Each structure stands twice: as C-alpha cells, then as structure tokens.
Amino acid sequence: MTEKFETALVHAGRTGTKTYGYVNPKLTRGSTVLYPDMATKLALGKRYLEPVELYGICGTETHFALEAAITEIEGGSHCQVVGSGLAAITMPLLAFLSAGDHLLVPDSVYGPTRTFCQAVLRRFGVATTYYDPMLDEAGIAALMRANTKVLFTESPGSHTFEVQDIPALARAAHARGVKLFMDNTWGIHHFQPFTHGVDVSIQALTKYAGGHSDIILGAVTVNSESDWAILRKGSLELGQYASPDDCWLALRGLRTLSVRLRAQAVAALEVAKWFAGQAEVARVLHPALPSCPGHEFFKRDFTGACGLFGVVFQPQFNAAAVVAMIDALKLFGIGASWGGYESLVLPTTGTISRSAGTGVFEGEIARFQIGLENTEDLIADLTHGLTALRAG
C-alpha cells in the first residue's frame with residue numbers, strides 16, 4: 001500500500017508501530033565509535049560511502065532517520081543531511097564541479113548562492129553564467145558550452161518568485177549530459193523533483209521542516225546510485241556534518257509539516273489575494289496567482305504552495321514609505337528566514353542582485369511569510385501598515 005503524504009510524515013524514519021520502545025527515534029550524539037573486534041571494523045570500513053556508524057562525522061542513528069524521512073518526502077533514493085541550507089547548496093556544487101567547468105545559475109538566485117559562485121567557485125576555476133529564470137528549453141540550450149556541467153535552478157526564485165519550467169530545462173540539460181540541480185525549499189512536498197527531471201534536490205530544513213525557527217539545517221537528495229556516490233564522497237571529503245540535536249528537532253518538526261503547510265498555504269493565499277485588491281499594490285508575486293511570472297508552470301507542476309510570497313508596491317511609494325509600513329506592523333516580525341510558525345516581512349528591493357538584465361519591477365518589493373496567526377488579525381495589521389505607507 002502506498003501511503004499518503006500525511007501518513008508518511010508520521011511514520012518516516014521510525015522503526016514502526018509494532019515495536020517495543022519510545023515513539024520518537026532517540027537522539028544519538030558521539031564522535032568515537034567502538035567495535036567489538038577488528039573483523040567488524042574492517043567490514044564497516046568497506047561500506048564507508050554508505051550511511052554507517054564508522055566515525056561520528058559519518059552520521060548517527062539520528063542523522064540516518066532524518067535522511068530516510070527526507071528521502072521519502074523528496075521521492076529520491078538517498079539523502080545527505082548537512083549543517084545549513086547554504087551548505088546544502090555549496091557542498092553538491094563542489095562535489096560535482098571541477099576547475100575548468102561551467103555552471104549556469106538563474107539570475108533570481110538566493111544571494112548567498114551567487115556570492116559562493118562569484119567568490120569560491122571563481123577562485124577554484126569554475127565559470128558561472130547567470131541566465132533569465134524564464135528561459136525556455138531552446139534559450140537555456142543556447143547558453144550551454146562544451147564544459148557546462150551543472151544547470152542550477154531555484155523555483156520559485158528567492159525574492160521575486162519566478163517559477164521555472166523545470167521539465168524543459170531538464171530536457172535541455174540531459175541532452176548534453178548536464179546535471180540539473182534544484183533548490184526546492186519553497187516547494188517542499190508540493191513539487192516532486194525527480195518526476196520532473198531534477199538530478200540533485202536541495203532543501204533548507206531550517207525552514208518548513210524544522211518549522212519553529214530554532215534550527216539551522218540542510219539536506220541534499222539524489223535519485224541514482226552514481227549521483228549518490230559523488231554526493232556522499234564530496235560530503236565526507238568536505239567534512240560536512242549536522243548537529244544530531246538539530247536533526248532530532250527537524251524529525252520532530254516533520255511530524256506536523258503537513259498540517260502547518262496546509263494552514264499556512266491557505267492563509268497566505270488569502271492574504272495575497274487581499275493585497276492584490278489594494279490600490280497601493282502594483283502586483284503580487286505569489287506563484288498561485290496569474291500576476292506571478294511562471295504561474296502556468298506552477299499550475300502544471302506543483303500540487304500546492306507554501307506561505308511565502310512577494311508584494312510589488314506602486315511606483316509612487318519609495319523605500320522610506322515601505323520602511324514606514326513595516327515599522328507600523330505589530331504582528332509581523334522583521335526577519336530574513338521563513339518557514340516557521342510566525343509571520344514575517346522583509347523589504348527585498350535593496351537585497352536583489354541581478355547581472356543578466358532580469359528582475360525589473362514596477363516599484364519597491366517586500367516579501368511576506370504568513371504564519372499560523374488568524375488571517376483577520378493579520379489583514380487588520382496590514383491595513384494599518386498601508387496607512388503608514390501612504391503617510392510615508
């Protein structure tokens with residue numbers, strides 16, 4: 001019997017219901033692993049690239065339980081948990097790329113990803129080209145070179161929410177032997193990466209998986225043995241490790257992921273539609289709304305949305321007016337991370353870096369994360385904020 005998502009979340013990474021013991025997998029901390037004899041040590045050593053308790057950095061029962069759960073959510077075959085969402089981006093790039101290689105990255109990418117490409121990868125001899133996230137199959141194929149090894153995607157975009165045509169990009173990549181990476185943090189559960197042609201799927205477990213804004217964690221999932229060999233080897237070579245305490249908290253957070261996602265998706269869409277009806281707003285960048293670039297791909301490829309979206313204000317409202325609005329809000333914290341239970345807001349216009357001529361919007365932009373508060377309360381707070389916007 002194939003289990004539904006909600007059921008899988010409750011049972012993933014556990015030993016089962018008909019066993020003796022506690023409900024939650026235990027928290028295992030440790031660096032040194034002891035062996036009963038040398039034969040056992042040598043046998044485990046031959047499995048070094050597999051999840052095995054050979055040495056602390058190779059992982060513990062807690063790590064393996066979380067990795068099993070994320071593998072199931074992402075629909076892959078293997079998962080490597082790492083210490084942060086950014087590490088989940090940088091580690092596979094270093095594992096799959098070598099000096100002299102070429103990388104394609106969307107112009108809408110998460111800022112620290114761009115920084116890593118411009119600083120570390122450039123220093124190590126990897127060239128990066130930034131492309132329009134809305135390019136079609138032919139457009140992306142035209143940018144590929146003989147030495148292109150990875151096509152990176154982030155769908156929707158980090159601040160401006162462009163939804164990419166992932167199946168088309170996958171066709172272009174695979175026709176040339178290029179690996180397709182995807183930062184799938186926004187689409188956790190709602191986008192099945194491997195059924196759409198993704199080779200390496202990235203999650204910032206800091207966000208919805210943790211769900212309580214109190215951990216830093218990342219995961220990388222693949223769906224082939226050859227990709228797993230590269231990923232696991234790269235992770236061990238780079239000394240990537242995640243705190244077992246954070247892994248245990250992420251496992252606990254996963255158990256309620258489905259109900260939180262559902263509630264926050266409904267609330268966010270309600271607030272986004274409210275924003276769309278306000279005279280002060282030029283456009284709402286919510287993938288479920290036609291005003292968002294790539295909305296047609298969202299309708300085709302996603303089963304739902306999360307609670308994060310952007311708002312473009314009318315051009316007459318400058319940055320100072322948006323700041324006045326944000327400062328007037330009582331229920332929205334000012335914070336860069338998202339995916340927790342609380343509502344957040346962040347002005348994003350000044351933090352958006354572009355180099356391929358994309359991302360031109362009518363006015364100032366702010367990003368909103370809708371939490372688990374009552375939507376009537378949130379809309380009342382935002383109504384007060386728009387009053388401050390007009391006065392600012």
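No value in this document is a laboratory result; all are computed from the given coordinates. No experiment lies behind these values; they were computed from the predicted model shown. Cβ sites come from the backbone with ideal geometry, for glycine too, and all protein chains shown count toward neighbours.
A few notes on this one:
- Other-chain or far-sequence residues with amide H under 5 Å of Y341's (modelled H): S213
- Sequence-distant residues sharing a close amide H with T153 (under 5 Å, placed H): F181, M182, D183
- If you take the Cα centroid of the range 33-68 and the Cα centroid of the range 295-333, the two points sit 45 Å apart.
- In sequence order, calculated HN-Hα J values of the range 70-84 (Karplus, 6.51, -1.76, 1.60; Hz; x Gly/Pro): 5, 4, 5, 4, 7, x, x, 10, 8, 9, 10, 8, 10, x, 6
- Evaluating 6.51 cos²θ - 1.76 cosθ + 1.60 at θ = phi - 60° for every residue in the range 342-352, the Karplus couplings come out as 9, 7, 9, 9, 8, x, 10, 3, x, 9, 8 Hz, glycine and proline recorded as x.
- Summed over qualifying helices (DSSP H, 4 residues or more, each -39500 (n - 2.57)) and divided by its residue number, the chain shows a 222 nm mean residue ellipticity of -11000 deg cm²/dmol.
- For S84, distant residues with modelled amide H under 5 Å away: G218
- The chain, dipole about Cα centre (Lys/Arg Cβ +1, Asp/Glu Cβ -1), debye to the nearest 20: 680
- J(HN,Hα) series, the range 103-117, from Karplus relation 6.51 cos²θ - 1.76 cosθ + 1.60, nearest Hz, glycine and proline x: 10, 10, 9, x, 5, 8, 5, 3, x, x, 5, 4, 4, 4, 5
- Förster radius 56 Å - calculated FRET efficiency between L49 and A380 (Cβ-Cβ, nearest 0.05): 0.55
- Between the residues G197, T60, G333, the greatest Cα displacement towards the positive end of the dipole of the chain, with unit charges on the Cβ of Lys, Arg, Asp and Glu, is found for T60.
- Nearest 10 degrees, 0 to 90: helix 85-96 Cα axis against the chain principal axis: 60
- Euclidean distance of C-alpha centroids, the range 81-139 and the range 235-274, integer Å: 23
- Shape call, the range 257-391: gyration tensor on alpha carbons, a/c limit 1.5: oblate
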